[in-house]
Amino acid sequence: MKTENSRRVIAPGAVVRGAVRQFQVRGSLDMDLLATQLAISRATLYRIVGSRDALLGDALWALGRRTLDRARAARKQSGVDGVIEVSRRFADRLWSARPMRRFVAEEPSTAARVLFTPSGEVHRRAVLAQRDIFVEAGVAAEGDLLPLAFLYVRIMESVLYGELFSGRRVDFAVAERPLRALLSGA
């Protein structure tokens, strides 16, 4: 029997999974709706996640990580070609993701904040994942790869989210040459 003071306990992972499901359907995140879907209060939802930006970042990273893992698993090449292959596969899959395109088009300020600043943590996580991709592909195994990964990710962000920066999409082929040049010195 529930009393007036009883609270539903929900794990942060369940909240992120709910946010991912909602994002995939709506291309956005409605916190009131999510709280209702999870059968918790809005206050409890915010207590668990902190902010909408943080939860969007977690949801976008969960989706991005899944997409990146698929691109990594499909990689057939090693070295610089393998890194470029993963990036191309990831870009192709992200561009074909309707919810992401909708989010960037309808909430450009939020998308920029969540994708590129610490409020969403997506950029930081992408840099760490890119460092791992360099090591897996045998591009570089020594030294501090984070600066290289940071620059690589920034170029990729220009390709993936060109609409946010300039109002137009940047073709992957345009970025391939500077990406290769960056990696040739690794």
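The values are calculated or read from the model by the stated rules, or taken from the named source; none is laboratory data. Keep in mind that what you see is a predicted model, and the values were worked out from it rather than measured. Using ideal geometry, Cβ is built from the backbone for each residue, glycine included, and neighbour counts are taken over all protein chains shown.
Some observations on this one:
- None of Ser109, Ser87 is closer than 19 Å to Arg26 by Cβ, among the hydroxyl-bearing types (Ser, Thr, Tyr) and in a helix (DSSP H, G or I) except Ser109.
- Selection status of Ile40, over 20 Å from Leu151 (Cβ atoms), part of a helix (DSSP H, G or I), free of Cβ contacts under 8 Å to residues at least 40 places away in the same chain and not small (Gly, Ala, Ser): no
- Within the range 70-79, the set of residues being under 21 Å from Ser158 (Cα atoms) and either surrounded by 19 or more Cβ atoms within 10 Å (Cβ to Cβ) or free of Cβ contacts under 8 Å to residues at least 24 places away in the same chain (or both) comprises Ala71 only.
- Some residue of the range 13-28 being part of a helix (DSSP H, G or I), within 30 Å of Leu182 (Cβ to Cβ) and at pLDDT 95 or above: no
- The helices (runs of 4 or more DSSP H) found entirely in the range 117-186 that carry 3 or more residues being under 18 Å from the mean Cα position of the chain (by Cα) and closer than 30 Å to Arg52 by Cβ are 122-137, 146-160, 162-166.
- Considering Arg101, Arg70, Arg93, the condition of being in contact with a helix residue (DSSP H, G or I) (Cβ under 8 Å, 6 or more places away or on another chain) and closer than 20 Å to Leu179 by Cα is satisfied by Arg93 alone.
- Filter pass, Gly64 being at pLDDT 95 or above, in a helix (DSSP H, G or I) and in contact with a helix residue (DSSP H, G or I) (Cβ under 6 Å, 6 or more places away or on another chain): no
- Taking each residue of the range 91-107 that is farther than 17 Å from Val20 by Cα and looking for partners that are at pLDDT below 95 and among the aliphatic types (A, V, I, L, M) with beta-carbon atoms closer than 9 Å, six or more apart or interchain, yields Ala91/Val159; Ala91/Leu160; Ala91/Ala175; Trp95/Leu160.
- Taking the range 117-130 as the range and being surrounded by 19 or more Cβ atoms within 10 Å (Cβ to Cβ) and modelled with pLDDT under 95 as the test, only Gly120 passes.
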